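Have a look at the structure below before the remarks.
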Amino acid sequence: MTVITIPLKLINLQDDGFHLLVEIVVFKQKHLAVLDTGASRSVFDKGLIESHLSETLQVSDEINAATLFTTTTTIQATIPELKIGKLKIKNYETVAFDLQSVSETYQQFGHPPIMGIIGGDILMKFKALINYHTMELIFSK
């Protein structure tokens, strides 16, 4: 079994409590994503996905990702490679939401923009552990 350890960043959103951020690489660019154990699956920013995969998108009016964010339209896409630390996920089937308002909230508090939410699908598949003491996300593969 391979163990992959990824550093986490803890941020304080005042009245909204603490959020954990993890660096991801999508389309060969570094971004930050929220680590959300309550989200059933991972989602990415609609603008990010549209700018890289405009020819291969499928638009759906049904909501098929349960997160704390609501939307009327989801976009389905395949990300060729998603990296979280040294974990590489090829051809990741995802949905995209407009995360602009989330990013704006983070930026109002002096934090960088958010391009995704890493949810339960990835966390469960790779047996994730969150160590709050060392601020690390640990995957077992």
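The values are calculated or read from the model by the stated rules, or taken from the named source; none is laboratory data. None of these values were measured; they are calculated from a predicted model. Cβ sites come from the backbone with ideal geometry, for glycine too, and all protein chains shown count toward neighbours.
Would you mind telling me which numbered condition in (1) at pLDDT below 90; (2) closer than 18 Å to I138 by Cα; (3) hydroxyl-bearing (S, T, Y) T5 fails?
Every listed condition holds for T5 apart from (1).
Please go through (1) closer than 17 Å to L137 by Cα; (2) hydroxyl-bearing (S, T, Y); (3) modelled with pLDDT under 95 for S40 and return the number of the only condition it doesn't satisfy.
Condition (1) is where S40 drops out.
Looking at segment 39-52, which of the residues that are touching a residue at least 40 places away in the same chain (Cβ under 8 Å) and over 15 Å from Q100 (Cβ atoms) is surrounded by the fewest Cβ atoms within 10 Å (Cβ to Cβ)? So that I can check it myself, show each step before the final result.
The first filter runs over segment 39-52 and keeps only residues touching a residue at least 40 places away in the same chain (Cβ under 8 Å), leaving 39-50.
Next, only the ones that are over 15 Å from Q100 (Cβ atoms) stay: 39-42.
Values: A39: 21, S40: 14, R41: 20, S42: 27.
Within segment 39-52, the match that is surrounded by the fewest Cβ atoms within 10 Å (Cβ to Cβ) is S40.
Six or more apart or on different chains, Cβ atoms under 6 Å: show the pairs whose first residue is in segment 69-80 and over 16 Å from M115 (Cβ atoms) and whose second is surrounded by fewer than 20 Cβ atoms within 10 Å (Cβ to Cβ) and modelled with pLDDT of 90 or more.
Close Cβ pairs (under 6 Å, with a partner that is surrounded by fewer than 20 Cβ atoms within 10 Å (Cβ to Cβ) and modelled with pLDDT of 90 or more) amount to T78/N91; T78/E93.
Give the residues of segment 6-22 that are surrounded by 16 or more Cβ atoms within 10 Å (Cβ to Cβ) and either within 24 Å of K90 (Cβ to Cβ) or of a type outside the set (A, V, I, L, M) (or both), sorted by residue number.
I6, L8, H19, L21, V22, listed by residue number.
Any idea how many residues of segment 86-114 are at pLDDT below 95 and either under 16 Å from Q29 (Cα atoms) or among the polar types (S, T, N, Q) (or both)?
Within segment 86-114, the first condition is being at pLDDT below 95, and the residues that meet it are 93-114.
Cutting the leftovers down to either under 16 Å from Q29 (Cα atoms) or among the polar types (S, T, N, Q) (or both) gives us 94, 100-101, 103, 105, 107-108, 112-114.
Looking only at that region, the number is 10.
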